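Below is one structure, written out as C-alpha cells; comments come after it.
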Amino acid sequence: MNTILRKSVLGIAGLAFTGGVFAGPVAAHAADTTHAAKPVSVSVQGDKLIPHGVQGNQSRIDLNDEQTANVKAIIAATKKAGMDERAAVVSIATALQESKLENLGHLGDRNDHDSQGLFQQRPSSGWGTVEQITDPEYSTTAFLKGLKQVDGWQDMPLTKAAQTVQVSAYPDHYAQWEQQAADLVAEHWNN
C-alpha cells in the first residue's frame, strides 16, 4: 500500500465509527505491519482455532475468576453474533493484549487517551459510551462487528486481523496471546 493511502487510512482511524456506533472500522485495508514469521507450534485443537500455527514467542497468564468470567462473556457474545471459534480466539487474544482480560475503567494519567474496557475501546473514537464499552457483551459485539468488516479475516494471521480492527500502536503484540486464547476457547466453548 502506498504511503499516502496508508497515512490516509491511519489518519481517519480515530473516526472509525462516526457513521454510528456499529458502523465498523474504516481501516479494514490498513497496511500489513506484521512481520512474516514461521509458526513455532501448531494448535492441538485443530486448524479451526489456529489455522496457521502461532507467530513468535507465546505469553501466558494465570486467570482469576473475573478474567475467566470475561472469557465466558466474550465466547457468549461471539456465539450470539453467529460467529465461530476462530472469532472467539481473535477476540480473546485481543482482550488479553489490551487489558489482560480485565474490564478496565479510566486509568487517569496511566491511560492511553480515553481507552476503557476489555478491548481498550475509546468513546471519543465512536466505540460507544463508557457504560457500553465497559460492558463485556457490548464491547465484544462492537469488536466483532469491526472484525466482520475485515475481508478475509478468517484466513489472516491473528495479529493482522486484530490490528485491522484495533489500529494499535503495537500491532505485532496480539500474536503472543494466540495459543492461550485458543486453549481458553477450547476449554470454554461448549460449557
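A few points about this structure:
- Given (1) touching a Ser or Thr at 6+ places or on another chain (Cβ under 8 Å); (2) modelled with pLDDT of 95 or more; (3) of a type outside the set (A, V, I, L, M, F, W, C), number of the condition Gln58 does not satisfy: (2)
- Hey, Pro136 more than 11 Å from the chain's Cα centre (by Cα), surrounded by fewer than 23 Cβ atoms within 10 Å (Cβ to Cβ) and touching a residue at least 60 places away in the same chain (Cβ under 8 Å) or not: yes
- So Glu187, is it outside any loop (DSSP other than H, G, I, E, B) and surrounded by fewer than 22 Cβ atoms within 10 Å (Cβ to Cβ): yes
- Pairs linking a residue in region 147-161 that is touching a residue at least 40 places away in the same chain (Cβ under 8 Å) to a residue that is of a type outside the set (A, V, I, L, M, F, W, C) and in a loop (DSSP other than H, G, I, E, B), with Cβ atoms under 7 Å and 6 or more positions apart or on different chains, are Gln149/Gly24; Gln149/Pro25; Pro157/Thr34; Pro157/His52; Thr159/Thr34; Lys160/Asp32; Lys160/Thr34.
- Scanning region 142-163 for residues that are more than 13 Å from Leu96 (Cβ to Cβ) and either open to solvent by 30 Å² or more (accessible area, probe 1.4 Å) or in contact with a His (Cβ under 8 Å, 6 or more places away or on another chain) (or both) turns up Lys145, Lys148, Gln149, Asp151, Gly152, Gln154, Asp155, Pro157, Lys160.
- Restricting region 72-108 to residues that are hydrophobic (A, V, I, L, M, F, W, C), touching a residue at least 40 places away in the same chain (Cβ under 8 Å) and open to solvent by 10 Å² or more (accessible area, probe 1.4 Å), the residue that is farthest from Thr129 (Cα to Cα) is Met83.
- Scanning region 122-131 for residues that are in a helix (DSSP H, G or I), in contact with a helix residue (DSSP H, G or I) (Cβ under 8 Å, 6 or more places away or on another chain) and either surrounded by fewer than 18 Cβ atoms within 10 Å (Cβ to Cβ) or of a type in the set (A, V, I, L, M) (or both) returns Ser124, Val130.
The values are calculated or read from the model by the stated rules, or taken from the named source; none is laboratory data. Keep in mind the model is a prediction, meaning the values are calculated, not measured. When we count neighbours, we look across all protein chains shown, and the Cβ atoms used for this are built from the backbone with ideal geometry, even at glycine. Note: areas computed on protein heavy atoms with side chains; ligands, DNA, RNA excluded. Shrake-Rupley method; radii C 1.70, N 1.55, O 1.52, S 1.80 Å.
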